[in-house]
Amino acid sequence: MRILEKDTQGVLAVTNKNNTTELLILKIQDEDIIHALQNNDNSDAAFRQLVAKYKHPLYWHIRHMVKNHDDTDDILQNVFIKTYKGIHQFRGDSKLYSWLYRIATNEAITFLNQKAKKNNISLEQLQQQLIENLEADAYYDGNTIQLKLQQAIATLPQKQQQVFNMKYFQELKYREIAAILQTSEGALKASYHLATKKIEQFLKNH
């Protein structure tokens, strides 16, 4: 899956002294963004920097969970709203990206649970519906093999899906996933290995 149009990560529009707009790729440190947001030091610009830096990885993290582009956009907006409102409660006990991914994960899980409850179906049934609707999504351009892979992932327990998606698609390191899901690297490795075996078996049988 991929979004049809992507902004360049970390690119912000700025106005120079000649009053013309130019694009700059900014290497903004998370600590600087947090400090600016928490101290109301040009917080609007800092928030734009935060969004520019993290919207694409968070988009795909959510998209791999909920499948649908429009739902992903709505959830992503909620993630950034919660981030903006809750930034003063961020104490730096974890990395900023871990905190953001954790918020995104919880928002996506809440969305899926509410959708399943609203439709009076199980999460497993909802996952199958989401996969069936993938090909109708204008933002999905996967081939048959990729669709089979999504079907295989949908058969996994929710936690294994999260681990597999973050490791396989986003190529996060085990220590990064461990910080996000607040579990041990050993448990994650075992979970990913088991998920991989289940997916291989599904693809072999289908």
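Quick notes on this structure:
- Phi-derived couplings, Karplus 6.51 cos²θ - 1.76 cosθ + 1.60 at θ = phi - 60°, listed residue by residue for the stretch 53-70: 6, 10, 5, 6, x, 5, 4, 6, 4, 6, 4, 5, 8, 9, 6, 7, 5, 5 Hz, with x used for Gly and Pro.
- Mean residue ellipticity at 222 nm, helices only, the chain: -20500 deg cm²/dmol; runs of at least 4 DSSP H residues each add -39,500 (n - 2.57), and the sum is divided by the number of residues.
- For the chain: relative contact order, % (alpha-carbon pairs under 8 angstrom, 6 or more apart): 19 percent
- Fluctuation leader among V51, V79, V66 - the chain, Gaussian network, Cα springs under 10 angstrom: V51
- Among N165, N42, N68: highest mean-square fluctuation, GNM of the chain, C-alpha pairs under 10 Å: N42
- Cleavage-rule hits (trypsin sites (Lys or Arg not before Pro)) in the stretch 155-197: DSSP loop, at most 15 neighbouring Cβ within 10 angstrom: K173
- Each Lys and Arg Cβ is given +1 and each Asp and Glu Cβ -1; about its Cα centre, the chain then shows a dipole of about 620 debye.
- When the charge dipole of the chain is built from unit charges on Cβ atoms (+1 for Lys and Arg, -1 for Asp and Glu) and taken about the Cα centre, the candidate among Q114, Q49, Q182 whose Cα reaches farthest toward its positive end is Q182.
- Mean-position separation - Cα centroids, the stretch 128-171 and the stretch 64-84, in angstrom: 17 Å
- For the chain, built as a Gaussian network whose Cα springs stay under 10 Å, the top-fluctuating residue of L172, L188, L58: L172
- Residues W60, W99, sorted so that the one with the fewest Cβ neighbours within 10 Å comes first: W60, W99
Read-outs: derived from the displayed coordinates by stated rules, not from any lab. All values derive from a computational prediction rather than experimental measurement. Backbone-built Cβ (ideal geometry, glycine too); neighbour counts: all protein chains shown.
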